[in-house]
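What follows draws every value from the coordinates through simple rules; no lab data is involved. Quantities reported herein were computed from a predicted structural model and do not represent experimental measurements. FYI the Cβ positions are ideal-geometry reconstructions off the backbone, even for glycines, and counts take in every protein chain you see.
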Amino acid sequence: MLELLGTIGGNALGLPGILGLALGMMTRRLWLGAAMGALIGVIETLLFAGWQIAHVEALELMIAVVVGICAGSLGCLIRRIGATA
Amino acid sequence: MAASPENRGWIRRLWSWIWTPAVAFSSGFLIIAGFLAGILFWGGFHWTLELTNTEEFCTSCHTMETNLGEYRETIHYNNHSGVRAICSDCHVPHEWNHKIKAKIMAVKDVYHELAGTISTPEKYEAHRLSMASAVWKKMKASNSRECRNCHNFDYMDFTLQETRAASEHQRAIDNNMTCIDCHQGIAHSLPSDYLETYQKVTEALDSKTPGAAHQQVAENGEQIRSFLTTRTDQ
């Protein structure tokens with residue numbers, strides 16, 4: 001449980017959370033924001049695995065993608081609410 | 001009838017203020033202000049995080065006194081070169097993602113300090129094996145990532161090492177072993193029957209990664225620790 005929370009926190013304060021949010025804020029299309037967040041999640045996991053698929057842990061990849069999707073979607077919602085034009 | 005702005009609660013007024021376009025500030029001003037605020041916030045956050053990496057912080061809890069005493073007897077605390085590895089060097093990853101994960105997981109240490117889980121020498125001894133095996137599991141799974149922040153097989157000059165150390169390190173390379181396979185108890189005392197538990201940790205991890213089932217436990221761990229302790233005393 002603690003490991004799960006730690007992984008989620010690490011991703012939320014890492015690339016999927018922050019860059020995912022920033023990229024999500026660049027579009028009004030929810031699916032695009034979520035997709036960009038998910039992509040950052042995949043890239044981040046591969047980056048920390050030394051770009052070797054064999055070193056990627058399925059759970060870590062899944063959490064990074066989910067956090068990325070959430071962050072990208074949140075960024076997109078911020079754009080929709082916060083931009084007038 | 002809609003409530004007038006004055007009659008709304010402060011949360012709703014704050015929410016409305018956040019999402020109303022700024023009319024008094026230019027975009028450039030907001031970008032620069034946001035950028036500076038970001039630097040201040042992130043710098044402060046990172047600085048605070050680094051403060052939790054200090055030896056003083058780690059050992060400020062009563063329950064850390066036992067492992068601090070053990071660590072002070074080792075080569076990582078006192079050695080001829082004057083290079084010291086403190087708690088965070090071995091227990092906190094450098095990489096941001098792993099570091100945040102470790103910091104969040106360390107919340108359990110605060111809980112156990114408050115709960116008094118290892119508050120007496122007897123309780124400490126009772127939990128020593130489980131605490132040690134948790135660290136071994138992490139180190140084995142990460143290929144001793146924190147050890148490799150300072151040590152690396154590629155940087156070792158075997159001709160400068162003791163003959164036995166050189167041959168053991170060569171064996172480690174040949175058998176795809178990692179630092180913790182031989183160096184359990186490098187900074188803290190070992191529980192009895194630790195080797196059996198370490199073997200189980202290794203087997204459990206090997207079962208997750210098929211094809212990695214080598215003999216990955218040192219057969220002469222006691223000799224290695226004895227050697228390193230002797231070097232500390234010199």
Legend entry - 3J(HN,Hα) from dihedral phi, region A:66-76, Karplus parametrisation 6.51/-1.76/1.60, rounded to Hz, x for glycine, proline: 5, 4, x, 4, 4, 5, x, 5, 4, x, 5
Inset, instruction - Assign unit charges at the C-beta atoms only (+1 for Lys and Arg, -1 for Asp and Glu), then state the dipole size of the protein assembly as shown relative to its Cα centre in Debye, rounded to the nearest 20. - result: 1840 debye
Legend entry - Shielding by partners, peptide B:102-114 (average Cβ within 10 angstrom, other chains): 3
Legend entry - Three-way shape call for region A:2-79 based on the alpha-carbon gyration tensor, with the a/c threshold at 1.5: prolate
Legend entry - Nearest 10 degrees, 0 to 90: helix A:2-12 Cα axis against chain A principal axis: 40 degrees
Legend entry - For region B:95-137: rounded, prolate or oblate by the Cα gyration tensor [a/c cutoff 1.5]: oblate
Legend entry - Most mobile listed residue (B:Ile100, B:Ile180, B:Ile11) in chain B, GNM with C-alpha springs under 10 Å: B:Ile11
Legend entry - Added length on full extension, which subtracts the Cα-Cα distance from 0.36 nm per residue, B:Trp42 to B:Thr20: 5.3 nm
Legend entry - Cysteines not pairable in the protein assembly as shown (beta carbon separation under 4.7 Å absent): A:Cys70, A:Cys76, B:Cys61, B:Cys90, B:Cys150, B:Cys182
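Treat every Asp and Glu Cβ in region B:1-122 as -1 and every Lys and Arg Cβ as +1, leave all other atoms uncharged, and give the resulting dipole magnitude about the Cα centre to the nearest 20 debye. Present the calculation step by step, with values, prior to reporting the outcome.
Values: 9 positive and 12 negative charges, 172 e Å.
It works out to roughly 820 debye.
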Inset, instruction - For chain B, set up a Gaussian network in which alpha carbons nearer than 10 Å are linked by springs, and say which option among B:Gly82, B:Gly38, B:Gly116 fluctuates the most. - result: B:Gly38
Legend entry - Exercise: per-residue mean of other protein chain Cβ atoms within 10 Å, A:7-17: 5
Inset, instruction - Identify, among B:Asn176, B:Thr59, B:Thr74, the residue whose Cα sits farthest towards the positive end of the charge dipole of chain B, taking +1 on the Cβ of Lys and Arg and -1 on the Cβ of Asp and Glu, with the dipole about the Cα centre. - result: B:Thr59
Inset, instruction - Taking chain B as the reference, fit the longest principal axis to its C-alpha atoms, fit the long axis of helix B:10-19 to the helix C-alpha atoms, and give the angle between the two in degrees, 0 to 90, nearest 10. - result: 90 degrees
Legend entry - Rounded to whole Hz, the Karplus (6.51, -1.76, 1.60) HN-Hα couplings of region B:121-136, x for glycine and proline: x, 5, 5, 4, 4, 5, 9, 4, 5, 5, 5, 5, 5, 5, 5, 4
Legend entry - Span from the region B:102-160 Cα centroid across to the region A:35-85 one, whole angstrom: 30 Å
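With +1 on each Lys and Arg Cβ and -1 on each Asp and Glu Cβ, and nothing else charged, work out how big the dipole of chain B is about its Cα centre, in Debye to the nearest 20.
On the way: 22 positive and 27 negative charges, 239 e Å.
Approximately 1140 debye in magnitude.
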Inset, instruction - Using only Cα atoms, find the angle between the long axis of helix B:96-105 and the longest principal axis of chain B, and express it within 0 to 90 degrees, rounded to the nearest 10. - result: 90 degrees
Legend entry - Karplus 3J(HN,Hα) series, Hz, for region A:49-55 with 6.51 cos²θ - 1.76 cosθ + 1.60 (x for Gly, Pro): 8, x, 6, 10, 4, 4, 8
Inset, instruction - Would you mind ranking B:Thr197, B:Thr163 so that the residue whose beta carbon has the fewest other beta carbons within 10 Å leads the list? - result: B:Thr163, B:Thr197
Legend entry - Formal net charge of residues neighbouring B:Ser133 (Cβ-Cβ distance under 13 Å; K, R +1; D, E -1): +2
Legend entry - Most fluctuating residue given options B:Phe57, B:Phe41, B:Phe25, as computed from a GNM of chain B linking Cα atoms under 10 Å: B:Phe25
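222 nm [θ] for chain B, helices only, -39500 (n - 2.57) per DSSP H run of 4+, per residue, to 500? Working shown, then result.
Working: 12 runs with 135 residues, N = 234.
When only DSSP H runs of four or more count, the value is -17500 deg cm²/dmol.
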Inset, instruction - Could you tell me which of rounded, prolate or oblate describes region B:41-93, using a ≥ b ≥ c as the square roots of the eigenvalues of the alpha-carbon gyration tensor, with rounded for a/c under 1.5 and, failing that, prolate when a/b is larger than b/c and oblate otherwise? - result: oblate
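Roughly how crowded by other chains is peptide B:89-97, in terms of the mean Cβ count from those chains within 10 Å of each of its Cβ atoms? Write down the numbers at each step before the final one.
Values: counts 0, 0, 0, 0, 2, 0, 4, 6, 15.
Other-chain Cβ atoms within 10 Å of each residue's Cβ, averaged: 3.
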Legend entry - 18 Å Cα-Cα threshold exceeded, pairs from B:Lys108/B:Lys140; B:Lys99/B:Lys138; B:Lys123/B:Lys200; B:Lys103/B:Lys200; B:Lys108/B:Lys200; B:Lys101/B:Lys200: B:Lys108/B:Lys140; B:Lys123/B:Lys200; B:Lys103/B:Lys200; B:Lys108/B:Lys200; B:Lys101/B:Lys200
